[in-house]
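Chemist: I'd like to ask you about the structure that follows.
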Amino acid sequence: MSTDAVTGAADSLIEVTEDAAERAIALLEEEGIDPDEAGLRLFVQQGGCAGLSYGMRFDDEPEEDDTIYEHHGLRVFVDPASMNYVEGSVLDFESGLQGAGFTVDNPNVVSECGCGESFRT
């Protein structure tokens, strides 16, 4: 079986780095959540000084209309409204002097706020 799979719209794409997948799977397992059924939900919400911000949470299962991506053993769920904003993005996990966390490299972003927490497309 391939390490990458997509269920849903074949022309849409979200990439997940191996580091991000490994970290998310480790967090799922720490919470006692089965990574074979559950996954990381990536979504966009109104907010932040630039107008939109990313959200992420673990969900036990996808919603009926989600596009489901699987990269390096991690399932990622994206709802149709969020897909309009995050299509083509790369989810990564970075650690450094300023802290560690998940990041979204989104080619659709026109501008970001100074803190990097919100964006506009």
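Values quoted throughout were computed directly from the atomic coordinates according to the rules given, and no laboratory measurement underlies them. Given the structure is predicted, the values throughout are model-derived calculations rather than measurements. For neighbour counting, all protein chains shown are included, and Cβ atoms are generated from backbone atoms with ideal geometry for every residue, glycine included.
Chemist: So, in nm, how far is label ASP105 from label GLU37 when the simple model puts each one 7 Å beyond its Cα toward the Cβ?
Modeler: Distance between the two pseudo-spin positions: 3.5 nm.
Chemist: As an exercise, use a Förster radius of 25 Å and the Cβ-Cβ distance of GLU63 and SER95 to find the FRET efficiency, rounded to the nearest 0.05.
Modeler: That pair, GLU63 with SER95, gives E of 0.20.
Chemist: If each residue's Cβ is checked for other Cβ atoms within 10 Å, how do VAL78, VAL90, VAL44 rank with the fewest at the top?
Modeler: Fewest-to-most ranking of VAL78, VAL90, VAL44: VAL90, VAL44, VAL78.
Chemist: Would you calculate the separation in nanometres between label points at SER53 and LEU13, each defined as 7 Å from the Cα along the Cα-to-beta-carbon direction?
Modeler: 3.0
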